[in-house]
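The values are calculated or read from the model by the stated rules, or taken from the named source; none is laboratory data. Values in this document were obtained by computation on a predicted structure and should not be read as measured data. All Cβ positions, even for glycine, are placed from backbone atoms using ideal geometry, and neighbour counts span all protein chains on display.
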Amino acid sequence: MSHNIPITVSLQDQICFLIGEIIDMLKHQKWWYYCCLCNAPVSHVGNIFYCYLCKVECVDAIRRYRIKIIISHSNGSNIFILEDDEVMQILKKSCSYFLIDERNSSQLKDDYTVPNSMIS
């Protein structure tokens, strides 16, 4: 037996509130990216960063956070993405701090693994 249930799809951003607990983060996915001073992500080709929004070579690319976390709540769990501003509020340290810290301690295996010092 099949039921025709109308489904509404919204392509607009929506704000919702969720009460839950951060139970984990996706540790083996890229957790940072380069962006232009205009905050748009840049393309890295060879030794050149290019901003398609500004349409120029970006000589001052900035590293910014993009961390995926798992939130547990009363209806289950979901993955959310925390951007640079949100992560800075929580950790009180820049993205570059963790990249430099991990390279100095030689624990960084690749650019995709979240550093241990960020988790602890």
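Taking the range 13-27 as the range and being assigned to a loop (DSSP other than H, G, I, E, B) and at pLDDT 85 or above as the test, the residues that pass are I19, L26, K27. Of everything in the range 28-47 that is in contact with a Phe, Trp or Tyr (Cβ under 8 Å, 6 or more places away or on another chain) and not in a loop (DSSP other than H, G, I, E, B), the residue that is surrounded by the most Cβ atoms within 10 Å (Cβ to Cβ) is W32. Within the range 89-120, the set of residues being modelled with pLDDT of 75 or more and aromatic (F, W, Y) comprises Y97, F98. For the range 54-70, a residue qualifies if it is over 17 Å from W32 (Cβ atoms) and more than 15 Å from the chain's Cα centre (by Cα), and the qualifying residues are C54, K55, V56, E57, V59.
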